[in-house]
1. Please work out if residue 36 is aliphatic (A, V, I, L, M), surrounded by fewer than 22 Cβ atoms within 10 Å (Cβ to Cβ) and part of a strand (DSSP E or B).
2. What is the residue count in the range 219-248 for residues that are open to solvent by 70 Å² or more (accessible area, probe 1.4 Å) and assigned to a helix (DSSP H, G or I)?
3. Which pairs have Cβ atoms under 6 Å, sit 6 or more apart or on different chains, and link a residue in the range 62-86 that is closer than 12 Å to residue 124 by Cα to one that is of a type outside the set (Phe, Trp, Tyr) and open to solvent by 60 Å² or more (accessible area, probe 1.4 Å)?
4. Is the range 166-176 home to any residue that is at pLDDT 95 or above, assigned to a helix (DSSP H, G or I), of a type in the set (Gly, Ala, Ser) and exposed (fewer than 13 other Cβ atoms within 10 Å of the Cβ)?
5. Only one residue in 116, 70 is of a type in the set (Ser, Thr, Tyr) and either under 20 Å from residue 170 (Cβ atoms) or touching a Pro at 6+ places or on another chain (Cβ under 7 Å) (or both). Which one?
6. When the residues of the range 46-83 are narrowed to those that are of a type in the set (Val, Ile, Thr) and in a strand (DSSP E or B), which ends up nearest to residue 6 (Cα to Cα)?
7. Take residue 182 and decide whether it is at pLDDT below 95, assigned to a helix (DSSP H, G or I) and open to solvent by 40 Å² or more (accessible area, probe 1.4 Å).
8. Of the residues 86, 98, 21, which single one is open to solvent by less than 40 Å² (accessible area, probe 1.4 Å) and part of a helix (DSSP H, G or I)?
Amino acid sequence: GPCDVIIDGIGGTGVITIGAVLGMAAHISGYGASVLDNTGLARKGGAVSSHVRIFSRLNDGHGSRIADRSATLMLACDLVTAANPVSLAKINPGHTRVIANADLVPTLQQRLDPDSSLDTRPLRDAIVNAAGVSQCEFIAATEIAELALGDSIYANMVVFGFAWQKGLVPLAFNVIDEAIALNGTAVETNRLAFAWGRRAAHDHAAIEQLLRPLRSSADPSSLDALVSRYADELTSYQNATYAQQYIAL
């Protein structure tokens, strides 16, 4: 059936990719679709949203922008972007389903000020208050992308896979897979990211079990272990002399 999806995230992390994959998958399926990307002045690091409207028939669509209180599904790939009033206005309380990335990406202020709060609760509360508790699910998509796939860039595809597995995207798996292939960028890794999102929706406990050993190795308990790890990375990046300068400093 008809579906209005709003995707909120950060420029340069693949928000537009998810919209493009959704639009292409709808086209392959013979449905009508429109994709409206709101990039503004964003570029990499700024707020970006994509409005994807899927219609039952090719000529059903009227207007590409999703009206306030009209979204069927929100993919909140970034909590800061999704919790702003313009995005929250798209939510129809009790009807819009929200799948959100629970991991907060630090803003510029938080990067500049080490004492700045990184508390996600106010952002999560704003989304939950707008949509309703039963309508919202949160997934540690950035952590899954970093630990399982080696790059946070795939977090949005993890969120998308989670939403699809929950039955919130009215498109068949094979057409989404074909659209990922047609997109042509990091095809196999994006397929894996989509699969990780599906697994997280199907069996969260199993995902936790798989990530636990990766999480412990990625979070050294001592300063020495952290310095050693970074020195190895600098050696791979340039050479041992460069790493030694870091160790001495």
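1. Against the criterion (aliphatic (A, V, I, L, M), surrounded by fewer than 22 Cβ atoms within 10 Å (Cβ to Cβ) and part of a strand (DSSP E or B)), residue 36 qualifies.
2. Final tally of qualifying residues: 15.
3. 81/47
4. no
5. Exactly one of 116, 70 is of a type in the set (Ser, Thr, Tyr) and either under 20 Å from residue 170 (Cβ atoms) or touching a Pro at 6+ places or on another chain (Cβ under 7 Å) (or both), namely 70.
6. Among them, the one singled out is 52.
7. When the stated conditions are applied, residue 182 does not pass them.
8. 21
The values are calculated or read from the model by the stated rules, or taken from the named source; none is laboratory data. Bear in mind the structure is a predicted one, so any value in this text is a computation, not a measurement. Glycine also receives a Cβ, built like all others from the backbone with ideal geometry; neighbour counts cover every protein chain displayed. Just the protein is used for accessible areas: all its heavy atoms, side chains included, with ligands, DNA and RNA removed. Shrake-Rupley method; radii C 1.70, N 1.55, O 1.52, S 1.80 Å.
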